[in-house]
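The values are calculated or read from the model by the stated rules, or taken from the named source; none is laboratory data. A quick note: this is a predicted structure, and the numbers were derived from the prediction, not measured. As a convention, Cβ positions derive from the backbone with ideal geometry for all residues, glycine included, and neighbour counts pool all protein chains shown.
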Amino acid sequence: MKIPLFSKKQEMAEDPVCHMQVDVSNPPGGTAEHDGVTYYFCGPGCRVAFQKEPEAYLSGEKHVDMGAHGGHHEGHAEGHHESHHGAGGHHSH
Ligand SMILES: [Zn+2]
């Protein structure tokens, strides 16, 4: 099967946060480099989340479900205790 020249092969990369496929030539969320590897993001929210805790996302410890973009807090609210959560605790976006 031949691919016409004008139709460039689209390279896709997986967003490490939500695991969406992202067009590497035009990543909606931009890119971030970690440990010499460039990662691509479906949206700025994923990039910011990744940059905060890249290891957590790469190890699979953390992930964001699609559709969670926009304020869904990962995991369940643990009681109603307002504790200082350190990394990744307080973000209201
Ligand atoms: Zn994403």
Quiz prompt | Tabulated pairs, the range 16-45, first in contact (Cβ under 8 Å) with a residue 60 or more places away in the chain and closer than 22 Å to D65 by Cβ, second within 9 Å of the ligand (Cβ to nearest atom) and not polar (S, T, N, Q), C-beta under 7 angstrom, 6+ apart or interchain | solution = none
Quiz item: Do we have any residue at all in the range 27-38 that's of a type outside the set (D, E, K, R), modelled with pLDDT of 60 or more and touching an Asp or Glu at 6+ places or on another chain (Cβ under 8 Å)?
Solution: yes
Self-check item: Total residues in the range 26-53, condition among the charged types (D, E, K, R), in a helix (DSSP H, G or I) and surrounded by 14 or more Cβ atoms within 10 Å (Cβ to Cβ)
Solution: 1
Quiz prompt | Answer residue from the range 47-62, given it is out of contact with any Pro (no Cβ under 8 Å at 6 or more places or on another chain) and within 13 Å of the ligand (Cβ to nearest atom) and is farthest from V24 (Cα to Cα) among those | solution = K62
